[in-house]
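First up is the structure itself, then whatever we jot down about it.
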Amino acid sequence: MRKRVIKGLKGVFNGEEFLEGVDVLIEGDIIVDIGENLSAEDEIILEGKVLYPKFVDPHTHLLYAGDRFDEFKMKLEGFDYLEILKSGGGIYSTVNKTKSASEDEVISQTLNRIKVLKDFGVGVVEIKTGYGVDFDEEIRQLRLINRLKENLNDVLIFSTLLFHVKPKDRDFDAYISDFFNRFEEYEGWVDFVDVFADEGAFNYEETERILKFYTERGIKCRLHADEFKPFGSELAGKYKCISADHLLNPSEKGLKLMAENGVIAILCPITGFFLRKGFAPYEMIKSLGLEIALASDHNPGTSPFLNPFITLFLAVYSLGMKPKEVFMSHTYTAAKSLGLKDIGKIDVGYKAMVFAMDYTPEEWAYYGDLKPVIKFPLDGDKIQP
Ligand code: NIG
Ligand code: FE
């Protein structure tokens, strides 16, 4: 198979640390060597650049129609996110817009968002349903995510069935029975299940029933936990979820249970920033020994930005993480939270999903550049999961 070598680099951030002055040898789409003075028939000269693994975004709500700019203006006037949700707006407003949009419209709006992510160096995206609520609409959205998955070959997509909010017109039992009774109909389209375990969404008992059902059937779960009220992190530990995400107001008990059960903490700093609700207690999470990944949480209500460098920037300056650690959290650990074993690092045997920029992680945090990605001929290489 054709070999290519990337040369002239200032160095490589390999997903964990910075390696100075090395070349990277690629065969097909696999990294086969990293070291000094490597050679191959094809040379890609990236003079003075730093090579990074592509970003992995392990928590997004990218599939929806329209926006919530009207509510943003209400929030600027002082309305609270949960007040708007409880009065039937918020998530419900995006549910209505998405339901009434055609499949092609939803796909085309989502593709536009994916294109922006790709231009910023993102190579893997987890996409949640959740703007359907009713069984049929949730399954339609799941199918659309799978359509994207099958048709995009330069970005890897994961699909998550998200129990986001309850319908207004039925109780929990009536609502959930379709999902439980008809599991076989959609099982093949689900990589993960997630529940918004919080005030205004699913309570402790409801979340537990959902987690129990799916984990017993071998589905890995993620959880929206402790964004407003702290009870999700405990359940994430108890059911050994692959991740518990947000954790703006976590309980120490919940975090300890997560640590004991290897649950990854996925932090989404744009969300707390955008809602003006502060940030996850990074020091406490770190001191309890949890692994930390970063995500955009892109959605029209609490995190409309698409630029991963904003996440990284807030992680350094508001969460208090170190520059290398933020890049590791948005590449290596984020990939791990999706169960990926050959993506998220620049190392022998890993997929050559990489981008370049002018800076080392520390230089980037110093210069504060929010659009530093440099594309080169590897972009567009076919990815086989
Ligand atoms: O992760 N918290 C729940 N879900 C999203 C918000 C979705 C929305 O407001 O549309 C979140 O913040
Ligand atoms: Fe979310």
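The values are calculated or read from the model by the stated rules, or taken from the named source; none is laboratory data. What you see is a predicted model, and the numbers here were worked out from it, not measured in a lab. Ideal geometry is used to build each Cβ from the backbone, glycine not excepted, and the neighbour counts take in all protein chains shown. In case anyone asks, the SASA skips ligands and DNA or RNA and just uses the protein heavy atoms, side chains included. Shrake-Rupley method; radii C 1.70, N 1.55, O 1.52, S 1.80 Å.
Checking every one of the GluC sites (Glu not before Pro) in region 198-269 against DSSP loop status and a limit of 15 other Cβ atoms within 10 Å picks out E199. Residues whose amide H lies under 5 Å from that of K3, counting only those 5 or more places away or on a different chain, are E41, D42; hydrogens are built 1.01 Å from N in the peptide plane. Annotation for region 283-324 versus region 76-103: alpha-carbon center distance of 24 Å.
Please work out whether region 254-357 counts as rounded, prolate or oblate from its C-alpha gyration tensor, where a ≥ b ≥ c are the square roots of the eigenvalues and a/c under 1.5 means rounded, while otherwise a/b larger than b/c means prolate and anything else oblate?
Oblate.
For region 125-174, trypsin sites (Lys or Arg not before Pro) are listed when DSSP marks them as loop and at most 10 other Cβ atoms sit within 10 Å of their Cβ; the list is K168. Charge dipole (Cα centre; +1 on Lys/Arg Cβ, -1 on Asp/Glu Cβ; no other charges) of region 193-246 amounts to roughly 360 debye. Converting the Cα gyration tensor eigenvalues of region 75-139 into ellipsoid dimensions via √(5λ) gives semi-axes, longest first, of 25, 18, 11 Å. Building the convex hull from the alpha-carbon atoms of region 81-204 and averaging its projection over directions returns 8.3 nm². Projecting label points 7 angstrom from Cα along Cα→Cβ for F376 and E43 puts them 1.2 nm apart.
On a per residue basis, the convex hull of the C-alpha atoms belonging to region 1-142 measures out at 176 Å³. So which GluC sites (Glu not before Pro) in region 128-158 pass both tests, a DSSP loop state and at most 10 other Cβ atoms within 10 Å of the Cβ? Passing both the DSSP loop test and the Cβ count: no residue. For the chain, with all protein chains in place and a probe radius of 1.4 Å, 49% of the accessible heavy-atom surface sits on carbon or sulfur.
So for region 45-88, Kirkwood radius off the Cα pairs, Stokes-Einstein at 37 °C and 0.692 mPa s: how many µm² s⁻¹? After rounding, the answer is 225 µm²/s.
Taken per residue, the accessible surface of region 92-203 reaches 37 Å², heavy atoms only and a 1.4 Å probe. Taking all protein chains as they are arranged and a probe of 1.4 Å, the heavy atoms of L288 leave approximately 50 Å² accessible to solvent.
Dividing the alpha-carbon radius of gyration of the chain by the rule-of-thumb value 2.2 N^0.38 Å gives 0.98. According to the square roots a ≥ b ≥ c of the eigenvalues of the Cα gyration tensor, what is the shape class of region 161-294, taking rounded for a/c under 1.5, prolate for a/b larger than b/c otherwise, and oblate for the remainder? Here region 161-294 falls in the prolate category. Per residue of the chain, the DSSP helices (runs of n ≥ 4 H) give a summed -39500 (n - 2.57) that works out to -10000 deg cm²/dmol at 222 nm. Dipole of the chain computed with +1 at Lys/Arg Cβ and -1 at Asp/Glu Cβ about the Cα centre; of S303, Y359, I292, farthest Cα towards the positive end is S303.
Once fully extended, how much extra length lies between D178 and F69, figured as 0.36 nm per residue of separation less the alpha-carbon to alpha-carbon distance?
35.9 nm
Heavy-atom accessible area, probed at 1.4 angstrom with all protein chains present, ranks K229, K54 as K229, K54, highest first.
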